[in-house]
Amino acid sequence: KRTIVERYGVAEENITVTPLGVSAVFRPIAPGQAEEMTRRFAIARPFILGVGNLQPRKNLERLIRAFARMTNGGDRDFDLVLVGQMAWQGHRVEAEVHRLGLDDRVRLTGYVSEEELVALYNRATVFAYPSIFEGFGLPVIEAMACGTPVLTSCASSLPEAAGSAARQVDPHDDEAIASELARLADDAALRAALSIKGREQAARFTWRATAELTARVFERVLERGS
């Protein structure tokens, strides 16, 4: 909303924000079921999950560098699993993995089915989404609905979507991202608390609420026109 007002000069009172909703398929499932549904990925270690097409604004190169710092020294035995199709300049993500020698620790899955995505959210130790810009940030809510602890950025709409139910970080700071990843990896109590808060936050975002807010806008416009 703020961006539209600033860039296009639209009056604030003429804009209504309608948040997205999260599908009911995103939910906690049994560990065995999640492992069975993701067997084809052959993920043996605990992992940090990222979701989103491979493109610069998703900030995946910086996430990869932060992951390298977080696991440096071998004390944290994690993989990084990145779900998403190759998009604009996506080759840079692959190049960063190769440059840092992380070919055996970073998995690029490409497209996955919705069922597999739910299972990956459930299996992940942490969901990391340090995006530079989002219109909403639906993967954050999907991960929360599955009970997965979330690390996201303090940029654009993401603080509104995540609320106080996620750890937030400057998306331009490699060290800060690495530090928060390490904290979440090491602190089981923090992860448990975020899992509970995340499910409560996700429950606020339903497609019914989106539809009702949208319908109210239509009604106001029709009333104004008559």
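The values are calculated or read from the model by the stated rules, or taken from the named source; none is laboratory data. Because the structure is a prediction, the values reported are computed rather than measured. We place every Cβ from the backbone using ideal geometry, glycine too, and count neighbours over all the protein chains shown. Only protein heavy atoms, including side chains, enter the accessible area calculation; ligands, DNA and RNA are left aside. Shrake-Rupley method; radii C 1.70, N 1.55, O 1.52, S 1.80 Å.
Report the extension gain between Glu212 and Trp88 in nm, rounded to one decimal, defined as 0.36 nm multiplied by the number of residues separating them, less their alpha carbon distance.
Contour length minus the Cα-Cα distance gives 41.1 nm.
Running a GNM on the chain with Cα contacts under 10 Å, which residue among Tyr129, Tyr111, Tyr121 ends up with the highest mean-square fluctuation?
Most flexible of the set in this elastic network: Tyr111.
Restricting things to alpha carbons, find the Rg to Rh ratio for the range 98-147 using the Kirkwood radius for Rh.
1.01
Using the heavy atoms of the protein chains alone and a 1.4 angstrom probe, what is the accessible area of the chain per residue in square angstrom?
On a per-residue basis, the chain sits at 52 Å².
Considering Cα pairs under 8 angstrom that are at least six residues apart, work out the relative contact order of the range 2-81 and quote it in whole percent.
The value is 29 percent.
Based on alpha-carbon positions alone, could you give the equivalent ellipsoid semi-axes of the range 144-205 from the gyration tensor, as √(5λ), descending, whole Å?
Its equivalent ellipsoid spans semi-axes of 19, 16, 6 Å.
In percent, how large is the relative contact order of the range 112-178, given Cα pairs closer than 8 Å and 6 or more residues apart?
Here the relative contact order equals 30 percent.
Over all distinct Cα pairs, what is the inverse of the mean 1/r for the range 170-226, reported as the Kirkwood hydrodynamic radius in Å?
15.0
On the first, second and third principal axes, largest extent first, how far apart are the outermost C-alpha atoms of the range 1-80 in Å?
Cα extents, longest axis first: 53, 34, 19 Å.
First obtain the Kirkwood hydrodynamic radius of the chain from its Cα pairs, then insert it into the Stokes-Einstein equation at 20 °C and 1.002 mPa s, and state the resulting D in µm² per second as a whole number.
116
Is the C-alpha gyration tensor of the range 47-112 telling us rounded, prolate or oblate? Criteria: a/c under 1.5 is rounded; beyond that, a/b larger than b/c is prolate, otherwise oblate.
prolate
Quick one: angle between helix 114-123 and the longest Cα principal axis of the chain, in degrees between 0 and 90, rounded to 10, please.
60
When the Cα centres of the range 1-43 and the range 159-226 are compared, how far apart do they sit, in Å?
The distance from the Cα centre of the range 1-43 to that of the range 159-226 comes to 8 Å.
Of the peptides 208-219, 73-84, 140-151, 171-182, how do they stack up when ordered by the mean number of other Cβ atoms within 10 Å, highest first?
Highest mean packing first, the order is 140-151, 171-182, 73-84, 208-219.
Just from its helices, what would the mean residue ellipticity at 222 nm be for the chain, if runs of 4 or more DSSP H residues each count -39500 (n - 2.57) and the sum is divided by every residue, rounded to the nearest 500 deg cm²/dmol?
The per-residue figure over the chain is -14000 deg cm²/dmol.
Could you give the radius of gyration (one decimal) and Dmax (whole number) of the Cα atoms in the range 108-189, in Å?
Values for the range 108-189 (Cα only, Rg and Dmax): 12.5, 34 Å.
Determine the relative contact order of the range 54-171: mean sequence separation of Cα pairs under 8 Å and six or more apart, normalised by residue count, in whole percent.
Answer for the range 54-171 is 24 percent.
Carbon-plus-sulfur fraction of the accessible area of the chain, 1.4 Å probe, in percent?
50
Determine the gain in length on full extension of the stretch Arg7-Arg69; use 0.36 nm per residue of separation and subtract their C-alpha separation, reporting nm with one decimal.
Result: 18.6 nm gained on full extension.
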